[in-house]
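Student: If you scroll down you'll find the structure; I have some questions about it.
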Amino acid sequence: MISKLNNFETFFRAISYAVVLCGFLALYSTGNLGVIISASFVLVLIAAWFFEDTRWQISERIGTISLFVIVPCFYIAWKYKLFGSIGANESLLAGMLARMILLLAAIKLFQKKSDRDWLFLYLMAFFEVLLAAGMSISPLYLGSLILYLLVSICAIIAFEIRKTSNSIAADLDIKKQNTNPNLLNIRNTPFKRLPLTAVALLILIIAVATPLFFALPRTGGAGFGNNSKGLSGFTGFSDSVELGAIGRLKESDEIVMRVVLDDAKVANKQSLRWRGVALDRFDNKVWSKSDNMRQPFIKIAGDFLRFDKEAGDEDDIAIQTIYLEPIDSDVLFGLSRSFAARQAKFQNIYRDSNGNISFPRTDYERISYTIFSDRRIPVVSELKTDNELYPAEIQERYLQLPLRYDKRIAQFASQISGNYRTRYDKAQVIENHLQTEFGYTLEMKATGDEPLADFLFNVREGHCEYFATAMTVMLRTQGIAARVVNGFQQGEFNETAGAYIVRQRDAHSWVEVYFPETDAWIEFDPTPFAGQFNETQNTGVLGSFNKYVEALETMWVQYFVSYDNQEQRSLFRSVKNGFVGFQAETSSWIKVAEKQISEWWKEVRGDKGLQASAIAVAYGIGYLLAAVLGICLIIWLYRKIRKLEFLKNWREWFKRKNEAGIIEFYERMQKVLAGKGFTREPHQTPLEFAFALKMPEAVKITEKYNRVRFGEKNLSNDEAKEIEDWLKNLEENSERN
């Protein structure tokens, strides 16, 4: 009896500590706690478990005073920025709140706990999970959330059982009888079934909440996960970029964006480039924009914004859904020749004369948007015959050269392309020469006042920015309009997620050359192939595991963090297409079956001759016999399984197990009576033995025993309480005698 009580109390404490642990795990998944704080809290959790019911626990008064001291201290630290510019960064503020909550929970763990203190710990764990929801985009948070829901349901049920038991015990004044107040209800409580009950409730919650979750879109970023400064070290996508900035960006493996390419008809997927910023003015060291004017485009209908003429053919439209991490830039990335965008939060979009797309950013949050691009490219034969004169604006902007530059660059370009007449051929031969005759490296070897000349005539190796700059300047010396573009290579395609994972190391620079006859900017990439395609690092078992983790993160970002109206439409469209496809397949199957049956019936009637009719009848009889044999086989297997009596044996085993627990009260009565010298003889039935004792309690207990043992009836809670009282009376009478 006492053992059962102790088991329940141990279970209650264990499940309560599990709630606290799950709240901590949710915060840990954000990656903002650090190793020292995380390890310290785990040690506190372990120590508090062993200190339960010992003299090492602090009193309730000390715990309460500590709480009233800590909260104002954290507020003062935030108010007067004692730990730095916390007020300027929401993520730092959220991290500070997380640390304060953990400290409050740690104090409560070491305190002697009443019901209020357990509720306080549950509340702190809830706040931790809630806070982590805004700080984390990791799918690990989903696992900690599911675990938290499971253990918190168990904890709340156990808490209510414990609280109700104490309340009933107080009402009946059981304490005066030297009986533990928790005994009355807890003794017959099947607390080992609580986890199963929690799982059932959790499944029910998920079943109800999932449709609501996907029916109600979210907008904006990931709450406190926003970063007021964007990704660390992110550069190369502003109005002016120093030569070499992209090379520094390529040293990081941080994810910049995830791209889902909706249109499978996009050609040449091996050389996709996500365009960012095009720059047209060069002064030997810095690329910049000569025209900073931006034209605003306002949302007209729905979430759609159009900022260029629409593509002529729908088959040439590439639709990209981009999930952009917080970056220190207002650039919207996408494939070249973008003409429209869609995003619920955007009220307007800006586009400049270089084709750069941006949006007014007030903070650096995670965003998702869809870009529509026209992938039509003029055929090579058209480009090779394009000798139309450039307009004055094109000449002024895209033929610009530094006031002072090494004239050997012009001679070098003329030497390479002098034998070619068309713009396209000149651009192609310069691109090929730089790709094959120069080396690729991320080291910043080119120096001096003119690093481009040092790169071309001395170092002869560099990264993509030097190659793009070299080709652009060389083309301009030959009277060909060109500009440098900074963006990203396609990244690594994750088959499981169906998305391109683009990292900072995928940053890239290339060249766009203008052809006036077709009014087209055509991409050229002079970087050697070693710098155009980053070798994948996901190889072997660990690499495959990382791919699945990335896929999980992508789906988490897509359907949880960035789920908004457009994702809702996309999801509903996918479900609708799947349902329509299923209907089409079912309808097709039915039509085929009807056609085959119709053809068979025609043959049976003799429309195709007597021989065909005989064969059709034979096939029909064969199919009928096969169906009958199949049904007979199923019936035979069913009877065979029944003869094994597996289900019957399982039910009997379960029944015996229940009986062993239910009739325990009769064994207790026998032990009490044996202590008084009364033992049932072998020839006596239980009821004869009870009547011979002339003890009303023994008769009543035996009658209940017979009803449970042989009548296959379960005891109600009221009957269990009555039996408990009768047993106590027998024990007390035994002690008096």
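Student: Give me the pairs, please: first residue somewhere in the range 104-129 and at negative phi, second residue anywhere and of a type in the set (Val, Ile, Thr) and open to solvent by 40 Å² or more (accessible area, probe 1.4 Å), beta-carbon distance under 8 Å, and either six or more positions apart or on two chains.
Tutor: Hits for this filter: 104/71; 107/58; 110/58; 111/58; 111/62; 112/58; 122/156.
Student: While we're on this one: Within the range 26-54, can you find the residues that are at pLDDT below 90 and under 16 Å from residue 122 (Cα atoms)?
Tutor: The answer is 26, 27.
Student: Among the numbered criteria (1) within 19 Å of residue 99 (Cα to Cα); (2) open to solvent by 60 Å² or more (accessible area, probe 1.4 Å), which one does residue 55 miss?
Tutor: Checking residue 55 against (1) within 19 Å of residue 99 (Cα to Cα); (2) open to solvent by 60 Å² or more (accessible area, probe 1.4 Å), the one that fails is (1).
Student: Out of 320, 343, 347, which single residue is surrounded by fewer than 15 Cβ atoms within 10 Å (Cβ to Cβ) and in contact (Cβ under 8 Å) with a residue 40 or more places away in the chain? Before the answer, list the steps.
Tutor: Values: 320 fails: surrounded by fewer than 15 Cβ atoms within 10 Å (Cβ to Cβ); 343 fails: surrounded by fewer than 15 Cβ atoms within 10 Å (Cβ to Cβ).
Unique residue meeting the criteria: 347.
Student: Could you tell me which of the residues 228, 232, 238 is part of a loop (DSSP other than H, G, I, E, B), modelled with pLDDT of 60 or more and surrounded by fewer than 20 Cβ atoms within 10 Å (Cβ to Cβ)?
Tutor: Working: 228 fails: modelled with pLDDT of 60 or more; 232 fails: modelled with pLDDT of 60 or more.
That would be 238, the only listed residue that is part of a loop (DSSP other than H, G, I, E, B), modelled with pLDDT of 60 or more and surrounded by fewer than 20 Cβ atoms within 10 Å (Cβ to Cβ).
Student: If you don't mind, there's one more thing I want to ask. Farther than 26 Å from residue 145 by Cα, among the β-branched types (Val, Ile, Thr) and either without any contact (Cβ under 8 Å) to a residue 40 or more places away in the chain or assigned to a helix (DSSP H, G or I) (or both), is that true of residue 64?
Tutor: Criteria met by residue 64.
Student: Please find, among 602, 595, 591, 547, the residue that is open to solvent by 40 Å² or more (accessible area, probe 1.4 Å), at pLDDT 75 or above and under 26 Å from residue 367 (Cβ atoms). Please lay out each step first, then the result.
Tutor: Details: 602 fails: under 26 Å from residue 367 (Cβ atoms); 595 fails: under 26 Å from residue 367 (Cβ atoms); 591 fails: under 26 Å from residue 367 (Cβ atoms).
After applying the criteria, what remains is 547.
Student: Okay, next question. List pairs: first in the range 10-25 and open to solvent by 20 Å² or more (accessible area, probe 1.4 Å), second of a type in the set (Val, Ile, Thr), Cβ under 8 Å, 6+ apart or cross-chain?
Tutor: As it stands, the answer is 15/151; 18/151, since those pairs meet every condition given.
Student: Confirm whether residue 121 is touching a helix residue (DSSP H, G or I) at 6+ places or on another chain (Cβ under 8 Å), at pLDDT 85 or above, assigned to a helix (DSSP H, G or I) and buried (at least 16 other Cβ atoms within 10 Å of the Cβ).
Tutor: Values: touching a helix residue (DSSP H, G or I) at 6+ places or on another chain (Cβ under 8 Å): yes; at pLDDT 85 or above: yes; assigned to a helix (DSSP H, G or I): yes; buried (at least 16 other Cβ atoms within 10 Å of the Cβ): yes.
Considered against the rule, which asks whether it is touching a helix residue (DSSP H, G or I) at 6+ places or on another chain (Cβ under 8 Å), at pLDDT 85 or above, assigned to a helix (DSSP H, G or I) and buried (at least 16 other Cβ atoms within 10 Å of the Cβ), residue 121 comes out as yes.
Student: Filter the range 351-363 down to the residues that are buried (at least 18 other Cβ atoms within 10 Å of the Cβ) and closer than 25 Å to residue 480 by Cα, then identify the one that is farthest from the chain's Cα centre (by Cα). Reasoning before the result, please.
Tutor: At the first step, the residues of the range 351-363 found to be buried (at least 18 other Cβ atoms within 10 Å of the Cβ) are 351, 354-357, 359.
Those still in the list that are closer than 25 Å to residue 480 by Cα too: 351, 354-357.
Details: 351: 33, 354: 36, 355: 34, 356: 31, 357: 29 Å.
Ranking the qualifying residues of the range 351-363, first place goes to 354.
Student: Same structure again: Search the range 386-413 for residues that are over 21 Å from residue 432 (Cα atoms) and pair each with any residue that is open to solvent by 40 Å² or more (accessible area, probe 1.4 Å) and among the hydrophobic types (A, V, I, L, M, F, W, C) when their beta-carbon atoms are under 8 Å apart and the residues are at least 6 apart or on different chains.
Tutor: 390/399; 406/457
Student: May I pose another question? Return yes when residue 530 is in contact with a Gly (Cβ under 7 Å, 6 or more places away or on another chain) and either of a type in the set (D, E, K, R) or modelled with pLDDT under 90 (or both) and no when it is not. Before you say what the answer is, go through the steps one by one.
Tutor: Working: in contact with a Gly (Cβ under 7 Å, 6 or more places away or on another chain): no; either of a type in the set (D, E, K, R) or modelled with pLDDT under 90 (or both): yes.
Considered against the rule, which asks whether it is in contact with a Gly (Cβ under 7 Å, 6 or more places away or on another chain) and either of a type in the set (D, E, K, R) or modelled with pLDDT under 90 (or both), residue 530 comes out as no.
Student: So, in the range 482-514, how many residues would count as being β-branched (Val, Ile, Thr) and open to solvent by 10 Å² or more (accessible area, probe 1.4 Å)? Reasoning before the result, please.
Tutor: To start, the set of residues in the range 482-514 that are β-branched (Val, Ile, Thr) comprises 484-485, 496, 501-502, 511, 513.
In the following step, the residues that additionally are open to solvent by 10 Å² or more (accessible area, probe 1.4 Å) were identified as 496.
Selection size over the range 482-514: 1.
The values are calculated or read from the model by the stated rules, or taken from the named source; none is laboratory data. What you see is a predicted model, and the numbers here were worked out from it, not measured in a lab. FYI the Cβ positions are ideal-geometry reconstructions off the backbone, even for glycines, and counts take in every protein chain you see. Note: accessible area is taken over every heavy atom of the protein model, side chains too, but ligands, DNA and RNA are not part of it. Shrake-Rupley method; radii C 1.70, N 1.55, O 1.52, S 1.80 Å.
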